[in-house]
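Step one of this worksheet: look at the structure below.
What follows is calculated from the coordinates using simple rules that are stated; it is not laboratory data. Everything numeric in this text was worked out from a predicted model, so none of it was measured. So basically every Cβ, Gly included, is an ideal-geometry build from the backbone, and we count neighbours across all protein chains shown.
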Amino acid sequence: MGSLSTTRVLLIGLIAVALAAFLPLGVSGYILGLLTIAFYFGVFAMAWDLLFGFAGEVNFGPTFLIGTGAYTAGILDNLYQPPIWLCVAAGALAAVAGGVVLALPALRVRGPYFGLTTLVAVLMLQNFVVVDASLTGGEIGLTVPDVITISDAKNYQIALWFMAISGAILFALSRSPVGLILQASGQDAVQAGALGFNVTKHKLTAFVISAFFSGLAGALLVFYLGSASVGTFIDITVGVQIIIAVVIGGRRTILGAVLGSIFIIAMSEALRPVGDLANFIVFAMALVVVLFFPNGFFGLLTRSKETS
Amino acid sequence: MLFWQILIDGFAISSLYALGATGFALIFGVSGVLNLSHGALMVAAVVAAWAAGNDLHVGPYAGAMIGIAVGFVASMITYFLIVRPLQQSRKIREQEKEIFILTATLLWGIMLQELIAYFYTNNAKTVAPIVEGVVRIVGVRTPANEIFTAVVCWLVIGILWLLVNRTRAGKAVLAASMNPRGVTLLGVELSQVYIAVWAIYGVLVGVAGVLLGMFLGVSSYSVGPLTASAFSIVVLGGLGSVSGALIAAYVVGYLETLTAYLISPAYRTIPALLLLVVVMYVSPRGLLGRR
Amino acid sequence: MRKLDKRAIIAAGATGLALVLTAPGYAADTIKIGVIAEAQAVAASSIPLAAQLAADEINAAGGVDGKKIEIVSYDNHSSAAESVRAFQRAVNEDHVNAVIASYISEVVLALEPWTGRLKTVMVTPGAASDVITQNIAKDYDNLKYTFHGYLTSTSIADSVCAPAKDLLVDQLHMKTAVVMSEDAAWTTPLDAEYIKCLPTIGLQVIDHIRVSPDTTDFTPIFNKIEGEKPDVIITGIAHVGVQPTVQWKQQEVPIPMFGISAQATNSSFWNDTNGAVEGVLYQAVSGPGVAVTPKTLPFVAAFKAKYGNFPSYCGYTAYDEVYYLAEAFKRAGSTDSDKLVDALEKTDYVGTIGRVQFKGKDSPNPHALKVGPDTITGLMLQWQDGKQTNLWPANVANGKLKFPKFIKVGAAN
């Protein structure tokens, strides 16, 4: 991956996306729906990879940002029914605010403490949503009166292009000077600091960007499903699925996250005949990947030169 | 009256937390692993005890023993199949191992949760208590089971303390937690120390789980909150400090009980979480931390 | 460049393969009924099973005008979002003609707008919220596809008040009550009706406590209630069941529990609570050995023979729903959803829990079940010595009130 220039990768990506845009012509509405969710999930995963893969911060809280964005958008729509784009924008902004609030204590600590802070954030959000059930719909969920559209094809295109644009931005960022500094800070913060880079400021920036895309994607997903619930947006299980998507796809590649997401969603559906064990099998596969192929798909295919 | 009620209830639940957290702290202190499948191991022990009672119709004692045994086995599986391969893996850089172990144990915990829900539904399970009936303490009617829980917790913690401080094997474990390299120089086989620690952890988790099952009951939904609770307590007490974890367990247990009684049971877990955030912000080492 | 091509191709291939595996087949000339339920929940696991039983029986008798009924099952993992996805899949991909969905009010409420968007009939076998049918009144043309195949919370509260009068006030001379219910959509109208109807039968409501559904420690709650010294705790719980019941017994709370305890309706509940449920009184639409209608006991026997355990309450309603859906398809002479709606509105079917008729378009709760002595009344049962014993109405009672020793109640037999 490192051997290809940024523009080349973006070009290939654009071709792949353009091809994918023709899928609705031949593929059933159900599969389009599946891919729609996979694409939004892909944005969740890419945003997380920016934080984890690059800034080096293992965090269990992607769903804190996603949940904040999703629920803000959903609750706003429920209460006042403003236009959907307004709700979505509000969701993204709320997620950014949440990201900043989370970053402040989180950046003061390292390693397991940082992970714990993010875990606590998710739990507190979950608590809040469950307890304040009259506002948020509680444990089982919130229904929003509006959806963007009920056309499978239109939803698919929206998700596809949203993912493409987000991916392009995030990928370009990862290759930019800012991204490289992030990577340096992630791998050796002390040295990066010694070289004169403001590590904290860069990590905070990563947080904000990650939060923005997570919240935006979360809000859009709410208006696709027509509902929000703890189980879809906040639960630790969702966070774990995002982590798996990135690890399977290959961390620190941004685009690998998309492949990982599509793989996970497709696998879960393919295993549907097995019934409830489907989740278990997907997680087991992920465990195998973590144990034996820690560099994920991309690592396998490029035989990455990671030295241990 | 309320005061005594809170004191007694708080004591019982804190003792349970203490037992669970002790195991968690031990694993981190000695082998450096934050085992995020902790809650799942506890629930597995409870469900095994319940299933033994339900399907095999054994008495409460036998059920409890089976539960503890399952906790032990699950802990060993966690160590040998997941933690150790990662620790010894050559494909992962040293600095990243912690992250991978965290992720892998988290994954494993969720896998266990799904398995349990698949075979036994997500409905709450309670284990037939070994001790039944109520007693009156200072005029407060308390289930005898609660007293039993607290007594057993402290018994086990006491045995653990004796083990670590009075036996040679135990002292090796203690030394290993302070300086793994140094201990090998003395001829102690580190890998054996690790196995011993995970074995002890398995028993702790099994006992804590079975007691919880008798006292309050668990469901597959409990897995996450139980892990988070142990994690929070151990961080609050200071990662790596077992005595810190014990104290923190009581702080958290009483905070929760006070909240449940005086404010509302719905907000039970919130003050403890807030305290955690404050402590981490102000003193990231926790109350008595060493790392 | 070559490496990236290989990568892309392999990735695309793997994904494509996975997607192809999900492509379903379909059959013509069958009537498909989608069943969306919480397969891992004790109460709801009966739904797909009972539906299948009904389908098998109908098919064995010749089907609907020769067409076989096919049940397509979806597990929604108690999640509204997954239910929506399942519904979309059922309609768009599997081409079902109607859907039977869920026992959770929030899930049904999440699906309700989609029945209008995708113009597909949905009948619920277990949810209770009044809002489901109130929504239909507000937007009939869009939401007419939803039918509430179970009692609304208000009706359920009334069906608790009626036996409360006979058993608690007339027999036991009780005077005060505390209402304890879980904080959920279905209990809001339930509690409101409790607070209205209990005083009319002679029970003063001295407190009203709502419990978070993810509570695990009920000690503070029982302590609080005990401090207020009511004669009875009127319950409204479904999501929680095992833990409050077990802890009630362990703490030996001297106050009986009476009302809705959905999990207590399951025959496995005695085992689940290790016998702690002894003495708990709960409302249900069915009970072992109680012949509510001539169809009740044969259904139970057939279910037990086929699956090895007794059906939960939603099993009864799901079973009936497949039958009266089949009748409606026949009446409509077509699988067109609008015609099906018209046909369903004319339902007059004696099922396993009573006589099923739906309230009309002009009622404040369109498509809700009619309740009353001629249609559906419900029962009041009590767990005694490991058995569910029916105590009310008197004409189908097979036992008398009996409480464990730690309960302080006068005149208990």
Practice prompt. Return the single residue from C:ASN59, C:ASN365, C:ASN76 with maximal mean-square fluctuation; model: Gaussian network over chain C, springs between Cα atoms under 10 Å.
Written response: C:ASN59
Discussion item. How are the alpha carbon pair distances in the range C:329-413 distributed across 10 Å bins from zero to the largest one, expressed in percent?
Written reply: 15, 29, 22, 17, 12, 5
Worksheet item: So for the range A:161-261, what percent of the C-alpha to C-alpha distances run longer than 19 Å?
Response: 52
Discussion item. Kirkwood hydrodynamic radius, computed over distinct alpha-carbon pairs, for the range C:77-116: how many Å, to one decimal?
Written reply: 10.1
Response to the item:
Here the relative contact order (percent) of chain C, from C-alpha pairs under 8 Å and at least 6 apart, is 17
Worksheet entry | Kirkwood-Stokes translational diffusion coefficient of the range B:110-264, alpha-carbon pairs, 25 °C, 0.890 mPa s, µm²/s | 135
Discussion item. Below 12 Å, Cα to Cα, which aspartates and glutamates can B:LYS91 reach? Residues fewer than 8 away in the same chain don't count.
Written reply: A:GLU306
Worksheet item: If you take the square roots of the eigenvalues of the alpha-carbon gyration tensor of the range B:189-229 and sort them as a ≥ b ≥ c, do you get rounded (a/c under 1.5), prolate (a/b over b/c) or oblate?
Response: prolate
Item to complete: Express the C-alpha Rg of chain C as a ratio against the empirical globular expectation 2.2 N^0.38 Å, rounded to two decimals.
Response: 1.05
Discussion item. Suppose a student asked you for the relative contact order of chain A, using Cα pairs under 8 Å spaced at least 6 residues apart; what percent would you report?
Written reply: 31
Practice prompt. Using only Cα atoms, figure out Rg for the range C:49-148 and give it as a multiple of 2.2 N^0.38 Å.
Written response: 1.10
Response to the item:
The exposure ranking of C:ARG85, C:ARG355, fewest beta-carbon neighbours within 10 Å first, is C:ARG355, C:ARG85
Discussion item. Tell me the Kirkwood radius of chain A: reciprocal of the mean inverse pair distance over distinct alpha-carbon atoms, in Å.
Written reply: 19.6
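Evaluate the Kirkwood expression for the hydrodynamic radius of the range A:59-144, namely the inverse of the mean inverse distance over all pairs of different C-alpha atoms, and round to one decimal in Å.
Numbers: mean 1/r = 0.0747 Å⁻¹.
After inverting the pairwise mean of 1/r, the radius is 13.4 Å.
Among DSSP beta bridges lying fully in chain C, give the percent that are antiparallel, nearest 5.
Numbers: 13 of 50 bridges.
Among the beta bridges of chain C, antiparallel pairing accounts for roughly 25 percent.
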Discussion item. Averaged across orientations, what area in nm² does the convex hull of the alpha carbons in the range B:36-92 project?
Written reply: 4.1
Response to the item:
Computed over chain B: longest principal axis from alpha-carbon atoms vs helix B:168-178 long axis, angle to nearest 10 degrees, is 70
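Hey, which of these cross-link pairs are over 31 Å Cα-Cα: C:LYS346/C:LYS400; A:LYS154/C:LYS138; C:LYS165/C:LYS229; C:LYS249/C:LYS370; C:LYS229/C:LYS304; B:LYS125/C:LYS359?
Details: C:LYS346/C:LYS400 39 Å; A:LYS154/C:LYS138 29 Å; C:LYS165/C:LYS229 20 Å; C:LYS249/C:LYS370 37 Å; C:LYS229/C:LYS304 42 Å; B:LYS125/C:LYS359 40 Å.
Beyond 31 Å between Cα atoms: C:LYS346/C:LYS400; C:LYS249/C:LYS370; C:LYS229/C:LYS304; B:LYS125/C:LYS359.
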Item to complete: Report P(r) for the range C:187-237: all Cα-Cα distances, bin width 5 Å, range 0 to the bin holding the largest distance, values in whole percent.
Response: 4, 17, 29, 24, 18, 6, 1
Worksheet entry | Within 10 Å of each Cβ in C:274-280, the average number of Cβ atoms from other chains | 2
Worksheet entry | 222 nm mean residue ellipticity, helices alone, for the protein assembly as shown (DSSP H n ≥ 4; -39,500 (n - 2.57); rounded to 500) | -19000 deg cm²/dmol
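Taking the Cβ of B:ILE263 as the center, what net charge do the other residues with Cβ under 13 Å away carry, scoring Lys and Arg +1 and Asp and Glu -1?
Working: positive: B:ARG268, C:LYS224; negative: B:GLU256.
Cβ neighbours under 13 Å give a net charge of +1.
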Worksheet, complete the sentence: If N is the residue count of the protein assembly as shown, its Cα Rg over 2.2 N^0.38 Å rounds to 0.94
Response to the item:
Between C:HIS77 and residues 5 or more places away or on another chain, the pairs with built amide H atoms under 5 Å apart involve C:ALA39, C:GLN40
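Between rounded, prolate and oblate, where does the range A:90-221 land on the alpha carbon gyration tensor, with a ≥ b ≥ c its root eigenvalues, rounded for a/c under 1.5, else prolate if a/b exceeds b/c?
Working: a/c = 3.35, a/b = 1.40, b/c = 2.39.
Judged from the Cα gyration tensor, the range A:90-221 comes out oblate (a/c at least 1.5, b/c at or above a/b).
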Worksheet entry | Rg/Rh ratio calculated on Cα atoms of the range C:227-359 (Kirkwood radius) | 1.10
Worksheet entry | Fluctuation leader among C:ASN223, C:ASN395, C:ASN266 - chain C, Gaussian network, Cα springs under 10 angstrom | C:ASN395
Worksheet entry | Alpha-carbon Debye profile of the range A:235-301, log10 I(q)/I(0) at 0.14, 0.18, 0.26, 0.27 Å⁻¹ | -0.37, -0.60, -1.12, -1.18
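Quick one: putting +1 on the C-beta of Lys and Arg, -1 on the C-beta of Asp and Glu, what dipole do you get for chain B around its Cα centre, in Debye to the nearest 20? Numbers along the way, then the final one.
Numbers: 16 positive and 10 negative charges, 157 e Å.
Dipole about the Cα centre, nearest 20: 760 debye.
Mind pulling the per residue volume of the convex hull built on the Cα atoms of the range C:324-365? Å³ is fine.
Values: hull volume 3.0 nm³, N = 42.
Here the figure is 71 Å³ per residue.
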Worksheet entry | Values of log10 I(q)/I(0), in the order q = 0.17, 0.25 Å⁻¹, for the range C:26-67 under a Debye, Cα-only, solvent-free model | -0.55, -0.87
Worksheet item: Top mean-square fluctuation among B:ALA64, B:ALA208, B:ALA52, Gaussian network model of chain B, C-alpha springs under 10 Å?
Response: B:ALA52
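Taking chain B on its own, what percent of its Cα-Cα pair distances exceed 32 Å? Please list the in-between numbers first.
Working: 9819 of 42195 pairs.
When every Cα pair of chain B is considered, 23 percent fall beyond 32 Å.
Answer rounded, prolate or oblate for the range B:134-177, using the Cα gyration tensor with square roots of eigenvalues a ≥ b ≥ c: rounded when a/c is under 1.5, else prolate when a/b is larger than b/c, else oblate.
Working: a/c = 5.11, a/b = 5.04, b/c = 1.01.
Prolate.
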Item to complete: Excluding residues on the same chain fewer than 8 positions from C:LYS175, give the aspartates and glutamates whose Cα lies under 12 Å from its Cα.
Response: C:ASP231
Practice prompt. Among A:PHE39, A:PHE162, A:PHE207, rank each residue by its count of other Cβ atoms within 10 Å, from fewest to most, as a rough exposure measure.
Written response: A:PHE162, A:PHE207, A:PHE39
Item to complete: Please tell me the relative contact order of the range B:59-167 in percent, rounded to the nearest whole number, where contacts are Cα pairs under 8 Å and at least six residues apart.
Response: 19
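If each residue's Cβ is checked for other Cβ atoms within 10 Å, how do A:PHE292, A:PHE64, A:PHE114 rank with the fewest at the top? Show your work: numbers first, answer last.
Values: A:PHE292 10, A:PHE64 30, A:PHE114 22.
Lowest count first: A:PHE292, A:PHE114, A:PHE64.
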